[in-house]
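K.L.:
My questions all concern the structure below.
The values are calculated or read from the model by the stated rules, or taken from the named source; none is laboratory data. Note that this is a predicted model, so its numbers are computed, not measured. Note that we place each Cβ from the backbone using ideal geometry, even for glycine, and neighbour counts take in every protein chain shown. Surface areas here come from the heavy atoms of the whole protein model, side chains and all, with no ligands, DNA or RNA. Shrake-Rupley method; radii C 1.70, N 1.55, O 1.52, S 1.80 Å.
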Amino acid sequence: MSMIEVRGLTKDYKKGRGIFDLHFSVEQGEVFGYLGPNGAGKTTTIRHLMGFLNPDAGRCRIAKMDCRKRADAVQKRLGYIPGEIAFPGDMTGTAFLRFMAKYRGMQGAGRRDELLERFELDPSGKLRKMSKGMKQKVGIVCAFQHDPAVLILDEPTSGLDPLMQNRFVQLLLEEKQRGKTILMSSHMFEEIERTCERVAIIRKGRLVAVESIETLKAAQTQRYIITFASPEAAEAFCGEALEIEARQSHRVTVLTHGELSALLAAMVNYPVTAIETPNQGLEEVFMNYYGGQGA
């Protein structure tokens, strides 16, 4: 069952800015990554999901509800962390969390105390005096305290130290096990790889990929480091009709694009002693879509 649906979503700010004909969905119980550099359209997409903007074309729905027409109902059911958190400065963190709990019709404290302890946060101080990291923790507690079924997270670990980032990842993995539906925009490739099954990559307002992380990795250029019995054998191997990236003594790095038949056919003619396949991370896949295209 799709909990988040985006169909033909378009917002044209002219001069090539905006989002154009976006199509993707997030299934119930899925953690879905949304990747792209600043200005690519991630936050514009999320603002439509939150019901803050009217699309020029297309629609988006959460739990079968139109995100714009039923914005109040959608927002009360959601957990949301904005990319740039702005709090009313004269309120304390405690007062703000209670205000948001009342707005969402919560009975009691919900998960607030558990989350405050997990993230080692004392929210009693004025929000305007809090550090970036403390404000981010308040945002996390606010998003999760009412135990929502759907979460929209825009750069949720911004400003957190590595320990708190890891605790947040653990929280996401727990929520995933509980069947929550999560869309997360992040520049932290490691946390996307640890938590997400699928990702969408957006470039200049258009989706360039919506795939599982493993599928994206498999479709990219693969490196194989082949060790030969002697430097002479390695040098001779470099004469094969293959894409050789580098050679160092008796080790040769070969690039492949999908099929391995040519590489395997060439290798049988040489004394190979070892083959290594360096792990390809999500960041490398992402840079193939962006850095490799001069972006």
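K.L.:
So which of GLY58, GLY16, GLY39 ends up being on the phi > 0 side of the Ramachandran plot and modelled with pLDDT of 95 or more?
P.N.:
Details: GLY16 fails: modelled with pLDDT of 95 or more; GLY39 fails: modelled with pLDDT of 95 or more.
The match here is GLY58.
K.L.:
Right, GLU190: surrounded by 15 or more Cβ atoms within 10 Å (Cβ to Cβ) and either over 24 Å from GLU84 (Cβ atoms) or acidic (Asp, Glu) (or both) or not? Spell out how you get there, then give the answer.
P.N.:
On the way: surrounded by 15 or more Cβ atoms within 10 Å (Cβ to Cβ): no; either over 24 Å from GLU84 (Cβ atoms) or acidic (Asp, Glu) (or both): yes.
No; evaluated as a whole, the condition is false for this residue.
K.L.:
Let me ask something else. Could you list, in sequence order, all residues of region 1-53 that are touching an Asp or Glu at 6+ places or on another chain (Cβ under 8 Å) and in a helix (DSSP H, G or I)?
P.N.:
The answer is LYS42, THR43, ILE46.
K.L.:
Give the residue that is farthest from PHE189 (Cα to Cα), with candidates limited to residues of region 263-285 that are out of contact with any helix residue (DSSP H, G or I) (no Cβ under 6 Å at 6 or more places or on another chain) and modelled with pLDDT under 90. Write out each step before concluding.
P.N.:
From region 263-285, those out of contact with any helix residue (DSSP H, G or I) (no Cβ under 6 Å at 6 or more places or on another chain) are 263-269, 272-279, 281, 284; that's our starting set.
From what is left, the residues that are modelled with pLDDT under 90 are 276-279, 281, 284.
Details: GLU276: 23, THR277: 20, PRO278: 17, ASN279: 14, GLY281: 8, GLU284: 10 Å.
Looking at residues that are out of contact with any helix residue (DSSP H, G or I) (no Cβ under 6 Å at 6 or more places or on another chain) and modelled with pLDDT under 90, I get GLU276.
K.L.:
Of all residues in region 67-84, count the ones that are in contact with a Cys (Cβ under 9 Å, 6 or more places away or on another chain) and closer than 25 Å to GLY133 by Cβ.
P.N.:
Count: 3.
K.L.:
Also, quick follow-up: For PHE32, state whether it is touching a residue at least 24 places away in the same chain (Cβ under 8 Å), open to solvent by 20 Å² or more (accessible area, probe 1.4 Å) and hydrophobic (A, V, I, L, M, F, W, C).
P.N.:
Judged against the criteria, PHE32 is not a match.
K.L.:
If you check LEU22, LEU49, LEU53, LEU97, which single one turns out to be in contact (Cβ under 8 Å) with a residue 40 or more places away in the chain, in contact with a Pro (Cβ under 8 Å, 6 or more places away or on another chain) and among the aliphatic types (A, V, I, L, M)? Don't jump to the end; show me each part of the working.
P.N.:
On the way: LEU22 fails: in contact with a Pro (Cβ under 8 Å, 6 or more places away or on another chain); LEU49 fails: in contact with a Pro (Cβ under 8 Å, 6 or more places away or on another chain); LEU53 fails: in contact with a Pro (Cβ under 8 Å, 6 or more places away or on another chain).
Answer to the selection: LEU97.
K.L.:
While we're looking at this one, here's another question. Please find, within region 176-187, the residue that is modelled with the lowest pLDDT out of those that are surrounded by fewer than 18 Cβ atoms within 10 Å (Cβ to Cβ) and not charged (D, E, K, R). Working first, answer last.
P.N.:
Keep residues of region 176-187 that are surrounded by fewer than 18 Cβ atoms within 10 Å (Cβ to Cβ), which gives 176-179, 187.
After this cut, where a residue has to be not charged (D, E, K, R) as well, the list is 177, 179, 187.
Values: GLN177: 95, GLY179: 95, HIS187: 76.
Applying the filter and picking the extreme gives HIS187.
Results for (1) β-branched (Val, Ile, Thr); (2) surrounded by 16 or more Cβ atoms within 10 Å (Cβ to Cβ); (3) more than 24 Å from ALA40 (Cα to Cα), shown as yes or no for each residue.
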residue: LEU207; (1), (2), (3): no, yes, no
residue: SER212; (1), (2), (3): no, no, no
residue: GLN222; (1), (2), (3): no, yes, yes
residue: ILE225; (1), (2), (3): yes, yes, yes
residue: GLU245; (1), (2), (3): no, no, yes
residue: HIS250; (1), (2), (3): no, yes, yes
residue: VAL254; (1), (2), (3): yes, yes, yes
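K.L.:
If you go through region 131-149 one residue at a time, how many are of a type in the set (A, V, I, L, M) and in contact with a Gly (Cβ under 7 Å, 6 or more places away or on another chain)? So that I can check it myself, show each step before the final result.
P.N.:
From region 131-149, those of a type in the set (A, V, I, L, M) are 134, 138, 140-141, 143, 149; that's our starting set.
Going one step further and asking which of them are in contact with a Gly (Cβ under 7 Å, 6 or more places away or on another chain), we end up with 138, 143.
Count: 2.
K.L.:
In region 188-197, is there at least one residue being at pLDDT 90 or above and more than 16 Å from the chain's Cα centre (by Cα)?
P.N.:
No, region 188-197 contains no residue that is at pLDDT 90 or above and more than 16 Å from the chain's Cα centre (by Cα).
K.L.:
Report, by residue number, each residue of region 176-194 that is touching a strand residue (DSSP E or B) at 6+ places or on another chain (Cβ under 7 Å), closer than 22 Å to ALA63 by Cα and either part of a helix (DSSP H, G or I) or without any contact (Cβ under 8 Å) to a residue 60 or more places away in the chain (or both).
P.N.:
Selection gives LYS176 alone.
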